[in-house]
Amino acid sequence: MKIHQIFTHNALRNFTYYIEFDNNEVIIIDPWDAKQAKDFINSKELKLTTIINTHEHWDHTQGNQELVDTYGCEVWAHIVGQGKIPAQSRLLEPGESIRFDKHTTMQVIDTPGHCQAHLCFIVEYKGKPHCIFTGDILFNAGVGNCHNGGDVEDLYETICTKIATLPDTIIVYPGHDYLQNNLRFTLKHEPNNTQAQLWLEKYNQSNINDKPLTTTLFDEKQINTFLRLDNKEIQSHLALNNPSKKDIFIALRSLRDQW
Ligand SMILES: [Zn+2]
């Protein structure tokens, strides 16, 4: 199994992912641009079997119909996305475990917050969690917004109980590249975060077309403000009166909305 993370060069900075298997079959996650996807699939002589959408927003499903028309592939998405996901053919149930091949399985995790029909997918390789496709729930150094059908309290619960509890080694594959801006947000509220400074330097030297930077959950716990709710520097910056963790999270999300 091989995972390709492809930047799509749009203003929203979407990523599309390809999970390539040894038998040349490929699964695509959140196809932004059908033409870019077809070029990728055809140049590698892969066989597209399945599209998986993390959620129903158009920037994650735009390529569905054209790819289905071209390859006759399936479209898998949240059961709650029924009627909103173009060409959906399989209704995924939270808690499902799907076997891809001898070594690879995928766990389907219900992750409301950014919108209500949002799933994250943990890929396990040889029985160990390898990576998670987080859509618009968790970004590198940030979390998704709640503007289009989301709920910030759901987002808080999802991040605390379903994301932060995963193994530190898991690789995070988000739906967008917002790393640079998110690191600046972290440094605004936690100016002494040396890891965030280092990652910003690393980002500025990286080439997203060549190889996008990836983080693990361990990295996220060091640079993602929304996973650092106990941090004293962040708390004193917010200056809330005796806040709970949820209050801090909600205040940060609101500040990030105006950032
Ligand atoms: Zn999105």
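Just so you know, all these numbers are worked out from the coordinates, no wet-lab data involved. Small disclaimer: the values here were computed from a predicted structure and weren't measured. Don't worry about glycine lacking a Cβ; one is built from the backbone with ideal geometry, like all the others, and counts go over all protein chains shown.
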Qualifying residue in segment 16-25 (condition: in contact with a Cys (Cβ under 9 Å, 6 or more places away or on another chain) and either under 20 Å from ILE122 (Cβ atoms) or surrounded by 14 or more Cβ atoms within 10 Å (Cβ to Cβ) (or both)): no
Of the criteria (1) over 17 Å from the mean Cα position of the chain (by Cα); (2) surrounded by 18 or more Cβ atoms within 10 Å (Cβ to Cβ), which one TRP76 fails: (1)
Verdict on ILE28 being within 14 Å of THR61 (Cα to Cα) and either among the acidic types (Asp, Glu) or not in a loop (DSSP other than H, G, I, E, B) (or both): yes
Those strands (runs of 3 or more DSSP E) lying entirely in segment 59-161 with at least 3 residues closer than 27 Å to LYS38 by Cβ: 74-78, 90-92, 104-110, 119-125, 128-135
Test: residue in segment 3-14 that is farther than 23 Å from ASN207 by Cα, buried (at least 22 other Cβ atoms within 10 Å of the Cβ) and within 16 Å of the ligand (Cβ to nearest atom): no
Residue that is nearest to the ligand (Cβ to nearest atom) [pool: residues in segment 43-66 that are closer than 22 Å to MET1 by Cα and buried (at least 22 other Cβ atoms within 10 Å of the Cβ)]: THR54
Qualifying position, being surrounded by fewer than 24 Cβ atoms within 10 Å (Cβ to Cβ) and either touching a residue at least 60 places away in the same chain (Cβ under 8 Å) or among the small types (Gly, Ala, Ser) (or both), among GLY135, GLY149, GLY144: GLY149
